[in-house]
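Written out below as structure tokens is the structure these notes cover.
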Amino acid sequence: MPELEIEALLESTKLWLDMKKYKEAIQDANQVLKLCARTGFKLYEPEAELALAKLHLAQGNPEQAEPLAQSAYEKAKNMHYRIIETEADNFLREIV
């Protein structure tokens with residue numbers, strides 16, 4: 001079931017981020033995006049993009065974080081995914 005795999009990968013992304021294992025976190029987040037593209041489960045895209053934005057910021061790359069966070073915000077807003085929309089908006093306010 002792809003949606004369960006996506007959810008597991010999103011959670012592992014967050015865990016890797018908390019552990020400061022950025023390479024692993026980026027791999028898992030990118031895998032989520034690939035699965036979303038392949039399966040059409042677009043609901044998870046904004047969350048994966050926001051996770052990648054947080055990873056880039058944690059690595060000291062705000063110039064890479066901002067476009068990902070902006071994309072996550074726009075996608076979440078368009079699909080009325082309020083939790084991620086709000087989280088992305090707050091994240092954007094922090095990095096600007």
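Karplus couplings for segment 49-65 from phi (6.51 cos²θ - 1.76 cosθ + 1.60, θ = phi - 60°), rounded to Hz, Gly and Pro as x?
5, 5, 4, 5, 4, 5, 5, 5, 5, 4, 8, x, 10, x, 5, 8, 6
Rounded to the nearest 500, what is the 222 nm mean residue ellipticity of the chain from helices alone, with -39500 (n - 2.57) per DSSP H run of 4+ residues and division by all residues?
Roughly -27500 deg cm²/dmol at 222 nm, from the helical runs in the chain.
Could you compute the FRET efficiency for GLN64 and LEU4, with r as their C-beta to C-beta distance and R0 at 22 Å, rounded to 0.05?
So the FRET efficiency works out to roughly 0.15.
List, in order, the whole-Hz ³J(HN,Hα) value for each residue of segment 2-11 obtained from phi through the Karplus relation with A = 6.51, B = -1.76, C = 1.60 and θ = phi - 60°; use x for Gly and Pro.
With the stated coefficients, segment 2-11 comes to x, 5, 6, 4, 4, 4, 5, 5, 5, 5 Hz.
Cβ under 10 Å from LYS75's Cβ, LYS75 left aside: what net charge do those residues give with Lys, Arg +1 and Asp, Glu -1?
Its environment carries a net charge of -3.
Have a look at GLU66, GLU85, GLU11 and tell me which one the Gaussian network model of the chain (Cα, springs below 10 Å) gives the largest fluctuation.
Of GLU66, GLU85, GLU11, the most mobile in the Gaussian network model is GLU11.
Scan (i) 22, 15, 11; (ii) 19, 17, 10; (iii) 32, 27, 12 for the value of semi-axes √(5λ) of the Cα gyration tensor in Å calculated from this model and give just the label.
Read-out taken from this structure: (ii).
Please list, or write none, the lysines whose alpha carbon is within less than 22 Å of the alpha carbon of LYS23, excluding same-chain residues fewer than 8 places away.
Hits, sequence-local ones excluded: LYS14, LYS34, LYS54.
Between segment 66-91 and segment 26-42, how many Å separate their Cα centres?
Segment 66-91 and segment 26-42 have Cα centres separated by 17 Å.
In whole percent, what relative contact order does segment 26-84 give with Cα contacts below 8 Å and a gap of six or more residues?
So the answer I get is 31 percent.
About its Cα centre, what dipole magnitude does the chain give when the only charges are +1 on Lys and Arg Cβ and -1 on Asp and Glu Cβ, stated in debye to the nearest 20?
Charge dipole of the chain: 140 debye, to the nearest 20.
If I model a spin label as a point 7 Å beyond the Cα along the Cα-Cβ vector, how far apart are those points for LEU15 and ALA37 in nm?
2.6 nm
Tell me, what % of the accessible area of the chain is carbon and sulfur with a 1.4 angstrom probe?
Exposed carbon and sulfur together represent 54 percent of the surface.
Roughly how many Å² is the accessible area per residue of the chain, as a whole number, for a 1.4 Å probe?
58 Å²
The values are calculated or read from the model by the stated rules, or taken from the named source; none is laboratory data. Computed from a predicted model, the values in this text were never measured in an experiment. Cβ atoms come from the backbone with ideal geometry, glycine included; neighbour counts cover every protein chain shown. To get the accessible areas, we keep the full protein, side chains included, count just its heavy atoms, and leave off ligands, DNA and RNA. Shrake-Rupley method; radii C 1.70, N 1.55, O 1.52, S 1.80 Å.
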